[in-house]
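A.B. asks: The following block contains the structure, expressed as structure tokens.
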Amino acid sequence: MTRPIVEEAISSLYCTALPTTFTIADLGCSSGPNTLMAVSQLIKTVENIRRNLCKNTIEYQVFLNDLPGNDFNAIFKALPNFHGSFKREMGDDLGPCFFTGVPGSFYGRLFPSRSVHFIHSSYGLHWLSKVPEGLEENKRNIYMAETSPASVLKAYYDQFQRDFSLFLRCRAEELVDGGCMVLTLLGRRSEDPTSKECCYIWELLAMALNDMVSQGIIEEEKLESFNLPKYMPSPTEMSIEIGKEGSFVINRIQVSKVDWNVYNNNDESNELRAGGYNVAKYMRAVAEPILVSHFGEAIMDELFIRYGEIIVDRMAKEKLEFVNITISLTKMK
């Protein structure tokens, strides 16, 4: 869904700048099979254009960024095989590719001034720098919900504004003039921050946690003090902050939908059940580190079994979708 936007942005940038060294940064790179997929596709896109234009080979500098706890060692160990297979795929006309791990929060400076041509980030920016302050009245919700007081909604929005504005200021320092960013994050179409399209998946997790509190498996105080550090904005909210910061032109905003059910809403009950448990598994991959740090590891298996059962039940009754926002930006000269 996002590839055409990414390819359009990086192609336009290369054709305009024609750099001899092209610097790419991937923010929130994680570790594992997907880590090098995005940057390899970016390099392929530039290489195809370069070869069509009959330009000389160029060098690629790739910055891979994530939080300090990310498994950078696993990435570095994968690089020799990646270099070999990528070189075989692209041929001898491929210039050298240099990879650097950059641990740190992207809500702060990461790279030297005016050193990066293209910044890519996928599924990172909906995470805030911290849990907002002033959520004491958001008892048992774990995120924004219809029952959340107005003060809670404001606290989340204020934290998003501070974080996203800081993110934009930092990237404006680091990008060359005319440099580009393509950002993809979970968001919402509605201007209602408690909209089902962004909050429902977390409401169901809160239901599982509340069930465990009612049965004495989790302490009530533990649940009441837990809130997620994330915000899923609307395109309008993002556009407002970009306009206020003032360093970037918005080239394109795309809103896309992704079904929760990877089995494409097959009506057979066993496949629906498998789809529901698959949702619980990938939500576990996302949320488990945060949950373990607050509730401990002992309850995780039981929690996600219950969560899976709740998701299966809801998916049998309604079509459920995530909303992605992809935004392409150019730094003004």
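The values are calculated or read from the model by the stated rules, or taken from the named source; none is laboratory data. Computed from a predicted structure; not experimentally measured. FYI the Cβ positions are ideal-geometry reconstructions off the backbone, even for glycines, and counts take in every protein chain you see. All accessible areas refer to the heavy atoms of the entire protein, side chains included, with ligands and DNA or RNA removed. Shrake-Rupley method; radii C 1.70, N 1.55, O 1.52, S 1.80 Å.
A.B. asks: Can you sort E203, E297 by 1.4 Å-probe accessible area, starting with the largest? Show your work: numbers first, answer last.
C.D. replies: Numbers: E203 55, E297 135 Å².
These residues rank, largest area first, as E297, E203.
A.B. asks: Based on alpha-carbon centroids, what's the gap between the range 186-210 and the range 1-52 in Å, whole number please?
C.D. replies: Between the Cα centres of the range 186-210 and the range 1-52 lies a distance of 33 Å.
A.B. asks: So in the chain, what percent of DSSP beta bridges are antiparallel if you round to the nearest 5? Could the numbers behind the result be given before it?
C.D. replies: On the way: 19 of 43 bridges.
Around 45 percent of the beta bridges assigned by DSSP in the chain are antiparallel ones.
A.B. asks: Turning to a different aspect of this structure: Using a 10 angstrom cutoff on alpha carbons, build the Gaussian network for the chain and name the most mobile of G179, G296, G276.
C.D. replies: G296
A.B. asks: Accessible area, 1.4 Å probe, largest first: how do H126, H117 sort?
C.D. replies: On the way: H126 5, H117 25 Å².
So the residues, ranked largest to smallest area, are H117, H126.
A.B. asks: Would you list which lysines come within 24 Å of K244, measuring only between C-alpha atoms, while excluding same-chain residues fewer than 8 positions from it?
C.D. replies: K130, K154, K230, K331, K333
A.B. asks: Treat every Asp and Glu Cβ in the range 103-171 as -1 and every Lys and Arg Cβ as +1, leave all other atoms uncharged, and give the resulting dipole magnitude about the Cα centre to the nearest 20 debye. Present the calculation step by step, with values, prior to reporting the outcome.
C.D. replies: On the way: 9 positive and 6 negative charges, 78 e Å.
For this selection, approximately 380 debye.
A.B. asks: Also, I was wondering about something else. Go ahead and run the numbers for FRET between T100 and Q41, Cβ-Cβ distance against an R0 of 25 Å, rounding to 0.05.
C.D. replies: Working: r = 19 Å, r/R0 = 0.75.
The value I calculate is 0.85.
A.B. asks: Still on this structure, please answer the following. Report Rg (one decimal) and Dmax (nearest whole number) for the range 1-59, counting Cα atoms only, units Å.
C.D. replies: 12.0, 35
A.B. asks: Using 0.36 nm times the number of residues separating V249 and R109, minus their current alpha carbon distance, what extension gain do you get?
C.D. replies: On the way: separation 140, 0.36 × 140 = 50.40 nm, distance 2.06 nm.
Taking 0.36 nm per residue and subtracting the Cα distance, the gain is 48.3 nm.
A.B. asks: Please list R189, R140, R171, R88 from largest to smallest accessible area, probe radius 1.4 Å, with all protein chains kept in place. Don't skip to the end; give the middle numbers.
C.D. replies: Details: R189 115, R140 70, R171 0, R88 185 Å².
Listed by decreasing accessible area, they come as R88, R189, R140, R171.
A.B. asks: So what does D71 come to for accessible area, using a 1.4 Å probe and Å² rounded to 10?
C.D. replies: 80
A.B. asks: Which length gain, in nm to one decimal place, applies between N73 and F86 when the Cα-Cα distance is subtracted from 0.36 nm times their residue separation?
C.D. replies: Working: separation 13, 0.36 × 13 = 4.68 nm, distance 1.98 nm.
Extra length available between N73 and F86 comes to 2.7 nm.
A.B. asks: Another question, then. Between M300 and C54, what FRET efficiency follows from the Cβ-Cβ distance if R0 is 45 Å, with the result rounded to 0.05? Kindly include the intermediate steps, with their values, before the conclusion.
C.D. replies: Numbers: r = 56 Å, r/R0 = 1.24.
Plugging the Cβ-Cβ distance into 1/(1 + (r/R0)^6) gives 0.20.
A.B. asks: Where the centroid of each part is defined by its Cα atoms, how far is the range 99-162 from the range 228-246 in Å?
C.D. replies: 10
A.B. asks: With runs of 4+ DSSP H residues as the only contributors, calculate the mean residue ellipticity of the chain at 222 nm using -39,500 (n - 2.57) per run, divided by the residue total and rounded to the nearest 500.
C.D. replies: Details: 9 runs with 153 residues, N = 333.
Calculated from helices alone, the mean residue ellipticity at 222 nm is -15500 deg cm²/dmol.
A.B. asks: Among [x] 190, 29, 28; [y] 67, 44, 35; [z] 89, 49, 42, which one is Cα extents along the principal axes in Å computed from these coordinates?
C.D. replies: Looking at Cα extents along the principal axes in Å for this model, the match is [y].
A.B. asks: To make sure I understand the rule: partners must be lysines, Cα under 26 Å from the Cα of K87, and not fewer than 8 residues away in the same chain. Which ones qualify?
C.D. replies: K44, K55, K77
A.B. asks: Once the piece of chain linking A150 and K257 is laid out straight, how much longer is it, given 0.36 nm per residue of separation minus the C-alpha distance between them? Walk me through the intermediate numbers first.
C.D. replies: On the way: separation 107, 0.36 × 107 = 38.52 nm, distance 2.76 nm.
Additional length available on full extension: 35.8 nm.
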